[in-house]
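The values are calculated or read from the model by the stated rules, or taken from the named source; none is laboratory data. Every value quoted in this text rests on a predicted model; they were computed, and no experiment measured them. Don't worry about glycine lacking a Cβ; one is built from the backbone with ideal geometry, like all the others, and counts go over all protein chains shown.
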Amino acid sequence: MSNESLANLLKEERRFEPPADLAAAANVTAEAYEQAKADRLGFWAEQARQLTWATEPTQTLDWSNPPFAKWFADGKLNVAYNCVDRHVEAGHGDRVAIHFEGEPADDTRTITYAELQREVSKAANALTELGVRAGDRVAIYLPMIPEAVFAMLACARIGAPHSVVFGGFSADALAARIEDADARVVITSDGGYRRGKPSALKPAVDEALTRPGTENVRNVLVVRRTGEDTAWTEGRDVWWHELVDGQSDRHTPEAFDAEHPLFILYTSGTTGKPKGILHTTGGYLTQTAYTHRAVFDLKPETDVYWCTADVGWVTGHSYIVYGPLANGATEVLYEGTPDTPHQGRWWEIVQKYGVTLLYTAPTAIRACMKWGDDIPAKFDLSSLRVLGSVGEPINPEAWIWYRKNIGGDRTPIVDTWWQTETGAIMVSPLPGVTATKPGSAQIPLPGISATVVDDEAKEVGNGGGGYLVVTEPWPSMLRTIWGDDQRYLDTYWSRFENRYFAGDGAKKDTDGDIWLLGRVDDVMLVSGHNISTTEVESALVSHPKVAEAAVVGATDPQTTQSIVAFVILRGNVDAEAEGEALVTELRNHVAKHLGPIAKPKRILPVAELPKTRSGKIMRRLLRDVAENRALGDVTTLTDSSVMELIQSKLPGAS
Ligand code: WT7
C-alpha cells in the first residue's frame, strides 16, 4: 500500500503503559525478547521443557526439508496427560478446571481437574471400545458443553486426531469435512441451546452421513443435552451416557511422537474450498502453553480466565482447551450468545465468577458498543486485569471503548494476531512490558520472527505498507494441508521465497509497530491508490454515531473501484431522522481522517452486517450488493436473512 495520504491512522498518539503492579509481577519481562533473539531455538527448547515429556527431546527444529518442519522430533509426550493428569499429580486435583455456564441461566456445572481426569479417561476408554485407534480420525460436532472438551482431550489421549466442526455449520459442510478427513466416528449431541430455545444438531449428522464419501463412519456417539426426540440408527448410534458413563475412570495415557497429528481444523475461509489445517503434538502444545502464560500473564492459582470463542474455531482449540489446560488454568466455558436472555449476560458472568482475564473478538466488542455503555456499567467488572482481542483488526475506537467500559481504564489490552495456520499467537503486546497502542498488534512475541515486506519481498519501515510474513519457522506452525502438500506450498510458501505468506496486508509505523490491514483480497484500488478496507472502517467507527462499518470496493468505470460503506449506527441514533445529512457528515469525516481519496462514494446505514460464523464480515457478499449482482454462496453466513434486509435498503432495489 503506497498511498502516503493514508498514513493518518498510524499517527495514533495514545499510549497506555502497563500497570506498575502487573509489570512488577509479570510472568514474562522484556528480557525474554533479548533471550530469544540471542538463541531462538534455545528459547523454544526451554519453553518445551515446561511440558512433561515421557521422552525429553534432544532435537529442537528439523528444517532439513523446508517448509515441512519437525519440532522436538525425538521427544514423546501425551497431550491429555499434560493438560489434565499432571496437575492432579501435582496436588491440584481440587482446583476448578471449568466453570460451565449453560445458556439456560440455572444450568451450571463445576469441573475440577480430578473430575476432568475421570471424564477424559472414561471417554478415552469409550472411544477405544468403539474401535478407535491411534491415527484414526474422529469428527466432533458439538455445542459449547463440557463434553466437547472431554471429547477433544479423549481423542488426544489415545492419539486419534480430531476434526472439530463448528456446531453452526450445515450438513453439507459437515459431510465435506468428514469425507476429507475420512473420519471413522462422529461425536455429536441431540442439540444445544440457542437464544432460549433447544436447537437440534443430530439431524445434520444423519443427513451428512447419507452423502457419498462418508461411508467409513462406523459410529455416532450422541450426548444427551436437550432431551428432545432424536431419530436413531440402530447399530450405528450410541448414547454417550450409555457408553461413556459405564467405563472405568482410569486410563493409562500412551506417549506419542512429538510430530504425531493432534488435529485437523478446516479454515472457515472467505474464499475457496476449506483447507484442512494439520497441527501436531509437541510444538503446538509448547507454543499454545507459552503464549497463554505470556500474553495473558496467567497465574493459575488466582486467575479466572474466559475465552468467549467457540471450540469449533482455532481460538477455542488453542485458548480454551490446549493452552489454558496445559497451564492448569481455571476457566469459564459458556454455551450461549452474549445477549441471551439480556444484553448484559457476559458482564453478569464476569461478575459471577470474578473473571480476571477475558479474551474476545472485535465483532463482539462492537456489538456491545452498539447496545450502549450503560449495560456493562450495571455490573462489577473490577476483577478484570487483562483484556484480549482476536479475529480481526480492532478499530482504535473499539479498543478505547473496550478499555474504558470493560477494563475500567485500567487493564492492558492485548491485540493478538494469529491464524488457524499459525496455531498460536504470533504478534501481540505483552501486558507487563508493552506500552499499548489502540489498533496495533505491535510486535512479534519472543521467539517469533515476523515482519512486513513489499511486492519485491523487501522489508518496509516508517509507515511503509505491504504484506505480513513470518521469516522463521515456529513451533505451532501448520505442518501441511491435510492430504494436499502441494496446496500447502502454493498457498503459503510460493508468494515469497523462504517466507510464510499470511495473506494479510500490514504496515509498520515509525516505532516499528505492526498494523494489520485486513486480508489482501479485500484491499481496494481507487484511482491508482491502494486503500485498506480496515482503515476506512476504522475512520468510520471513530465517528461517535457509528458502531460498526464494512467497506468494499465496487467496480467503477472512472476510478477502477469506488468505496462503498455499510454502517451500523449506535443504539441512540435514528437513521431515518438523520437521513442524507448524516451520510454527508460521515463522508466528510472519513475525508478529514484519511484524505479525500478515501471518501466513500456511497454510505448505506444498515441494521446488520453479513458475517461468517466466526464473526468475520463477508465483504464478498457486500461487493455483490454494491455491484448489483446476484449473491454468491451464502451457506457460511450466520443469518442469511441479513442479506435480504440489506438489499431491500438499496436505492432501486427490486
Ligand atoms: C485471520 C485468521 C486467530 C484466531 C481467529 C481467527 C485475522 C486474526 C487478528 C488481529 C488483525 C487479525 C487475520 C488473519 N486476524 N487476529 N489481532 N488483528 N487481524 O483465525 O479464522 O484462521 O483467521 O484473522 O486476517 O489472517 P482464522
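Go through segment 449-477 and count every residue that is touching a residue at least 40 places away in the same chain (Cβ under 8 Å), hydrophobic (A, V, I, L, M, F, W, C) and within 21 Å of residue 279 (Cβ to Cβ).
5
Do you know which of the residues in segment 481-509 that are in a strand (DSSP E or B) and among the hydrophobic types (A, V, I, L, M, F, W, C) is farthest from residue 426 (Cα to Cα)?
It comes out as 481.
With 478, 540, 516 as the choices, which residue is in contact with a strand residue (DSSP E or B) (Cβ under 9 Å, 6 or more places away or on another chain) and either assigned to a helix (DSSP H, G or I) or away from the ligand (no atom under 14 Å from the Cβ) (or both)?
The match here is 540.
Does residue 491 satisfy the condition of being within 14 Å of the ligand (Cβ to nearest atom), β-branched (Val, Ile, Thr) and more than 23 Å from residue 599 (Cβ to Cβ)?
yes
In this structure, does residue 567 turn out to be over 18 Å from residue 367 (Cα atoms), buried (at least 24 other Cβ atoms within 10 Å of the Cβ) and not charged (D, E, K, R)?
So residue 567 does not fit the description; no.
Would you be able to say whether some residue in segment 333-350 is in contact with a Leu (Cβ under 8 Å, 6 or more places away or on another chain) and surrounded by 20 or more Cβ atoms within 10 Å (Cβ to Cβ)?
yes
Looking at this structure, is residue 567 within 20 Å of residue 397 (Cα to Cα) and not in a helix (DSSP H, G or I)?
Values: within 20 Å of residue 397 (Cα to Cα): yes; not in a helix (DSSP H, G or I): yes.
Here the answer is yes, as residue 567 does meet what is asked.
Let me confirm something: among 172, 180, 229, 237, which residue is buried (at least 20 other Cβ atoms within 10 Å of the Cβ) and over 30 Å from residue 56 (Cα atoms)?
The unique qualifying residue is 180.
Name the residue that is farthest from the ligand (Cβ to nearest atom), counting only residues in segment 435-450 that are among the polar types (S, T, N, Q) and buried (at least 20 other Cβ atoms within 10 Å of the Cβ).
Looking at the filtered set, the residue picked out is 436.
Is there any pair linking a residue in segment 314-328 that is within 12 Å of the ligand (Cβ to nearest atom) to one that is in a helix (DSSP H, G or I) and at pLDDT below 95, with Cβ under 7 Å and at least six apart or on different chains, and which?
none
Out of the residues in segment 386-413 that are in a helix (DSSP H, G or I) and touching a strand residue (DSSP E or B) at 6+ places or on another chain (Cβ under 8 Å), state the one that is farthest from the ligand (Cβ to nearest atom). So that I can check it myself, show each step before the final result.
Filtering segment 386-413 for residues in a helix (DSSP H, G or I) gives 396-406.
If we keep only those that are touching a strand residue (DSSP E or B) at 6+ places or on another chain (Cβ under 8 Å) too, we end up with 399, 402-403, 406.
Numbers: 399: 11, 402: 13, 403: 15, 406: 17 Å.
Residue satisfying both the conditions and the ranking: 406.
Inspect all residues belonging to segment 359-368 and state whether any of them is on the phi < 0 side of the Ramachandran plot, part of a helix (DSSP H, G or I) and touching a Lys or Arg at 6+ places or on another chain (Cβ under 7 Å).
So far as segment 359-368 goes, yes, one or more of its residues are on the phi < 0 side of the Ramachandran plot, part of a helix (DSSP H, G or I) and touching a Lys or Arg at 6+ places or on another chain (Cβ under 7 Å).
Does residue 507 meet the test of being over 21 Å from the mean Cα position of the chain (by Cα) and within 16 Å of the ligand (Cβ to nearest atom)?
When the stated conditions are applied, residue 507 passes them.
Given the structure, is residue 530 modelled with pLDDT under 95, part of a strand (DSSP E or B) and away from the ligand (no atom under 16 Å from the Cβ)?
Yes; evaluated as a whole, the condition is true for this residue.
Check residue 356 against each of (1) at pLDDT below 95; (2) more than 12 Å from the ligand (Cβ to nearest atom) and name the one condition it does not meet.
Residue 356 satisfies all of (1) at pLDDT below 95; (2) more than 12 Å from the ligand (Cβ to nearest atom) except (1).
Can you list the strands (runs of 3 or more DSSP E) lying wholly within segment 261-335 that have 2 or more residues being over 15 Å from the mean Cα position of the chain (by Cα)?
Strands (runs of 3 or more DSSP E) meeting the threshold: 261-266, 276-280, 331-334.
Being touching an Asp or Glu at 6+ places or on another chain (Cβ under 7 Å) and over 30 Å from residue 24 (Cβ atoms) is the filter here; which residues of segment 370-420 pass it?
370, 395
Return the pair list, or none, for Cβ contacts closer than 9 Å from residues in segment 478-503 that are touching a residue at least 12 places away in the same chain (Cβ under 8 Å) and over 10 Å from residue 67 (Cβ atoms) to residues that are assigned to a loop (DSSP other than H, G, I, E, B) and among the aliphatic types (A, V, I, L, M), at least 6 apart or on different chains.
495/457; 496/457; 497/457; 502/426
Any residue at all in segment 419-434 that's modelled with pLDDT under 95, at positive phi and of a type outside the set (A, V, I, L, M)?
No; the residues of segment 419-434 include none that is modelled with pLDDT under 95, at positive phi and of a type outside the set (A, V, I, L, M).
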